[in-house]
Amino acid sequence: MITLKTGRQVGIIGYGAYVPMYRLQASEINRVWGGFGAPVEEKSVVALDEDTITISVEAAKQAVKRAKINPSEIGAVYVGTESKPYAVKPSGTIVAEAIGATPSVSTADYEFACKAGTEAMQTCVGLVGSDMQKYAMAIGADTAQGKPHDALEYTAACGGAAFIFAERSADTIAYLEASYSFVTDTPDFWRRAKQMYPRHGNRFTGQPAYFKHIAGAGQALLEETGYKPEDFKWAVFHQPNAKFPINAARMLGFSMDQIKPGLVSPKIGNTYAGSTPVGLAATFDIAEPDDKIFAVSYGSGSGSDAFIFTVQDAITEKRDGPKLASFIERKKYVDYATYLKHRGQIIQ
Amino acid sequence: MRKVKIAGTGLIKVKEYWDRSIQDLFAEASLKAIKDASIGDLDKVYVSNMGAALMQDQLNLATILTESLGKPGLSATRIEAGSASGGVAFHEAVQAVASGYSDAVLVTGVEKMSDILPDVVTTGLAMAEDQEYTAYTGVTKTGIAAMIHRLYMDLYASPKEICMMAVKSHEHAVGCKHAQYPFKMSIERAMASPMEADPIHMMECSGIGDGAAALVLVPSDDEGVEVAGTAVSTDYTSIAQRTDPLEMRAIKDAAEKAYKMAGIKASDISLAEVQDDYTINGILGIEGLGLAKTGEGTKMVNNGDVDKDGKTPINTFGGLKARGNPLGATGIYQLAEVALQLQGKAGDHQVEGAKIGVAQNMGGMASICSVNVLRRVGE
């Protein structure tokens, strides 16, 4: 096995997260469709003028501010998403322009279902770890599509987080110890070109897809590094609903206490490519120096990226501004019709 | 006719096999039964399966599955009779040996339901109804069962008393290695589960699962478990065409014929497996077998008569609700379980002194039903 360990140590020097303020409750979906499900209590909904790019910009700006760096020195901006506003035209260019990183910058959009954001993180780690870039920004953000009356309608939500990577120093809030990816061709969820909504394999998305890959990546990284679950203060697992990350944690030997700070899906739903990044940001919001954080994403298709971060002293000075909890608490409920309008599902 | 005995049984756990094919499941159960029978040569294979044409896009199923046994030249036939495929295939296999045409017959039930999405399974279940008269309306199998369930509630029993059928099946599945859901379920949990088709709760329905079960039949040597009686009977497919929708004539007719062949009365039965794909069907199965009078099936379920140490233990490994209901394989699971009981190999599920066991397996809303009677003979 080959672990993703860098030639020089790399860490995060700034992070930011953003969740739109509107919420749709599971009970409202049940009212309309006569259902009984509640895989999450409620999910975030975009405003009329929000999309993956605006979410990315919000998170990126906060990350730059917290990093206390000149944004023109950011050499890479990568946006991981499965809800690009443009089918052809990068989202990363708009984000890079908005934060002042252009023109001396590499940008691209990443797609790997819900793990596109953590793929972008690994790429940034590689760029900085190889000394090719001083600063590199990875973003995971989505405004996920859920077909009306599909099981995914309860959870498909919006939000995102951004992380700026740099060589490890006293300014680093958390440095990366190792990262590992586990990928197979497992078609559990997909959206073909020109289709409006993704399709999924129902229960096939569980054990042979989500759990197999989370366990595959997580166990391999633990074995390679020699760490045990109890060595970590916190853990984050991709959260497509409220139940899966809890079961994944239990399966790998982590406790509810370890995942609690990063478990935000019950209140905002599944933010897809933003899911693990947002959970990680929520964990950074409360972490203390020397805390170790274990994080594993999952993207349908399928694969998982696992990370081990160790928090440093700088975190206490570099998490000013609104925390993720404040974005979660700042909410306004919408009814189903308004939700459809915000999602562009009512055609004028 | 020659007497026929069960020489070997092979069961695999009912579950979702995401990483295995229908051939894999068939081969594992079949080879287990062949090994258990300590038999070298087979001369006939019956495959019971309901939905491979829909679920695996596979026809010529018996040929393709039999290839996995590595015994070219075997005669192979697929039997399809809706959810009754297993019991009907067994009925045919018994005749093959009894007639003297075959000396060693493998009958394997197999179904792989997890290859398709649940809404397609729902469509597949409705395909056991008449497309020109019933299924074209869009009614689901659960919907039809709900009508029967409601009528039974109006005449005989409360929703809770009917629901107890599922609770009992789960109770019996505890510790069963081949059961899909080997855990207890409280009546409160079952009654609080969402409505699948009012008044049927979700926890009153069998689930979706993959499975395979196999039996080897040979001429009897007056030792072990013999087939004492076997019968298949049909009825009007639509409940609307029947004089009394609750009568389930196919069950009663098949039971009457099988009991007559075996020379037994319902009161002689040590244990029975009934088709509880819905709780109401389990109750009607009990009544159809003559174990309880019409309208009194729920009393038997609620007063403990169906318990392992009760008057007539029912669904001793969990039935369709808890052991699982892999459609075409279900009837063979039932018969293998009865055989294990009569062989004294049922472990914690063992019914003491079991001598005569019955398996009732039906398709549609009892538009076809098989009743097979097994008897322990010799020492």
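For residue B:288, the criteria (1) crowded, with 24+ Cβ neighbours inside 10 Å; (2) over 16 Å from the mean Cα position of the chain (by Cα) hold in every case but one, which is (2).
Is it fair to say residue B:19 is part of a loop (DSSP other than H, G, I, E, B), without any contact (Cβ under 8 Å) to a residue 24 or more places away in the chain and within 14 Å of chain A (Cβ to nearest Cβ)? For residue B:19, the condition - part of a loop (DSSP other than H, G, I, E, B), without any contact (Cβ under 8 Å) to a residue 24 or more places away in the chain and within 14 Å of chain A (Cβ to nearest Cβ) - is met.
Cβ separations smaller than 8 Å between residues 6+ apart or across chains give the following pairs from region A:191-215 residues that are within 11 Å of chain B (Cβ to nearest Cβ) and farther than 13 Å from residue B:116 by Cα to residues that are in a helix (DSSP H, G or I) and not acidic (Asp, Glu): A:206/A:244; A:211/A:244; A:211/A:247; A:211/A:248; A:211/A:251.
What residue, of B:232, B:216, B:225, is in contact with a His (Cβ under 8 Å, 6 or more places away or on another chain), at pLDDT 95 or above and away from chain A (no Cβ under 14 Å)? Among B:232, B:216, B:225, only B:232 is in contact with a His (Cβ under 8 Å, 6 or more places away or on another chain), at pLDDT 95 or above and away from chain A (no Cβ under 14 Å). Right, residue B:134: farther than 18 Å from residue B:78 by Cα, free of Cβ contacts under 8 Å to residues at least 24 places away in the same chain and among the β-branched types (Val, Ile, Thr) or not? When the stated conditions are applied, residue B:134 does not pass them.
Filter region B:95-112 for residues that are surrounded by 24 or more Cβ atoms within 10 Å (Cβ to Cβ) and in contact with a strand residue (DSSP E or B) (Cβ under 6 Å, 6 or more places away or on another chain); which is farthest from the other protein chains (Cβ to nearest Cβ)? Ranking the qualifying residues of region B:95-112, first place goes to B:97. Scanning region B:257-270 for residues that are surrounded by fewer than 18 Cβ atoms within 10 Å (Cβ to Cβ), part of a helix (DSSP H, G or I) and in contact (Cβ under 8 Å) with a residue 12 or more places away in the chain yields a count of 5.
Please determine whether any residue of region B:127-144 is within 14 Å of chain A (Cβ to nearest Cβ) and among the basic types (Lys, Arg). Give the derivation first.
Of region B:127-144, the ones within 14 Å of chain A (Cβ to nearest Cβ) are none.
No, because not a single residue in region B:127-144 is within 14 Å of chain A (Cβ to nearest Cβ) and among the basic types (Lys, Arg).
Of all residues in region B:76-87, how many are among the small types (Gly, Ala, Ser) and out of contact with any Leu (no Cβ under 9 Å at 6 or more places or on another chain)? Summing the residues that are among the small types (Gly, Ala, Ser) and out of contact with any Leu (no Cβ under 9 Å at 6 or more places or on another chain) in region B:76-87 gives 2. Residue count for region A:45-79, restricted to those that are assigned to a loop (DSSP other than H, G, I, E, B) and of a type in the set (Val, Ile, Thr): 2. Within region B:37-54, count every residue that is surrounded by fewer than 21 Cβ atoms within 10 Å (Cβ to Cβ) and in a helix (DSSP H, G or I). So the answer is 2.
The values are calculated or read from the model by the stated rules, or taken from the named source; none is laboratory data. The model shown is predicted, which means the values in this text are computed figures rather than measured ones. Because the Cβ atoms are built from the backbone with ideal geometry, glycine has one as well, and the counts that use them run over all protein chains shown.
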